[in-house]
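Presented below is the structure to which this report refers.
The values are calculated or read from the model by the stated rules, or taken from the named source; none is laboratory data. If you're wondering where the values come from, they're calculated on a predicted model, not measured in any experiment. Neighbour counts run over all protein chains shown; Cβ positions are idealised from the backbone, glycine included. Please note that ligands, DNA and RNA were not included when accessible areas were found on the heavy atoms of the full protein model with its side chains. Shrake-Rupley method; radii C 1.70, N 1.55, O 1.52, S 1.80 Å.
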Amino acid sequence: MEPFGRFLNVIDVEATCWEGRPPPGQTSEIIEIGLCVVDLESMERVSRHRLLVRPARSTVGDFCTELTGLTQKEVDGGVGFPEACDILRRDHYAWYRTWASWGDYDRRQFERQCAPGGYPFGARHVNAKAVFREVYGLTRRLGMKAALDHAGLPLEGRHHSGADDAWNIGALVLRMATAQRGRPDDPWGRPHR
């Protein structure tokens, strides 16, 4: 087993969405899970993953495709949500590793969609948006793209692509983790030495 605290899973999800209210009978569901694995020892992003998830109670419309780049045909080829959670547990040690997301939306979306016993993550979640605000002494929380600009980092890939956003959040995490190395209030789950 890997050393506890060495790897961090950075997760970004895209979900079905509409310009206004959802159509009758539909509810927002995860359609893409982007994952960037950050090695907190070597301080680098070591892998990038994308899981497409087939929605069960909603469809991908024009507004959602324009925002995320995903089409109904693409997500129809994805895995079901329970299988996606199994993949996170089995292949990405989601139950064992600390995980981070930009804000609490991703965590709450998983909690809403998971049946009892189906939540794939352990108890350690880091709201990277809140940590960024603290590290940079800001009075408000920035969106991911604005945070990249503030930190002097480029946007890599397409904004609102789960895989690309997870990769970009991974870069922000590394910038923050470097600034916090050795502090007793390090939120990333690294063991204290």
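Taking the protein heavy atoms of the chain in the context of the full set of protein chains, the accessible area attributed to carbon and sulfur is 51 percent at 1.4 Å.
Qualifying GluC sites (Glu not before Pro) in region 20-102, where qualification requires a DSSP coil assignment and no more than 14 other C-beta atoms within 10 Å, comprise Glu41. A protection proxy built from the mean count of other Cβ atoms within 10 Å ranks the segments 101-107, 6-12, most packed first, as 6-12, 101-107. Gain on full extension, evaluated as 0.36 nm per residue between Lys73 and Met1 minus their Cα-Cα distance, stands at 22.1 nm.
Sort region 51-193 into rounded, prolate or oblate with this rule: let a ≥ b ≥ c be the square roots of the eigenvalues of the Cα gyration tensor; rounded if a/c is under 1.5, and if a/c is not under 1.5, prolate when a/b is larger than b/c, oblate otherwise.
Working: a/c = 2.31, a/b = 1.37, b/c = 1.68.
Oblate shape, in that a/c is at least 1.5 and b/c is the bigger or equal ratio.
For the chain, the 222 nm mean residue ellipticity estimated from helices alone, with every DSSP H stretch of n ≥ 4 adding -39500 (n - 2.57) and the total spread over all residues, rounds to -10500 deg cm²/dmol.
Per residue, the chain exposes an accessible area of 49 Å² to a 1.4 Å probe, with every protein chain left in place.
For region 1-108, what does the alpha-carbon gyration tensor say about shape, rounded, prolate or oblate, given a ≥ b ≥ c as the root eigenvalues, a/c under 1.5 as rounded, and a/b over b/c as prolate?
Numbers: a/c = 2.40, a/b = 2.12, b/c = 1.13.
Cα axes put region 1-108 in the prolate bin.
Please compute the contact order of the chain in relative form: average sequence separation of alpha-carbon pairs under 8 Å and at least six residues apart, divided by the residue count, as a percent. If you can, show how the numbers build up before the last one.
On the way: 350 pairs, mean separation 50.5, N = 193.
It comes to 26 percent, rounded to a whole number.
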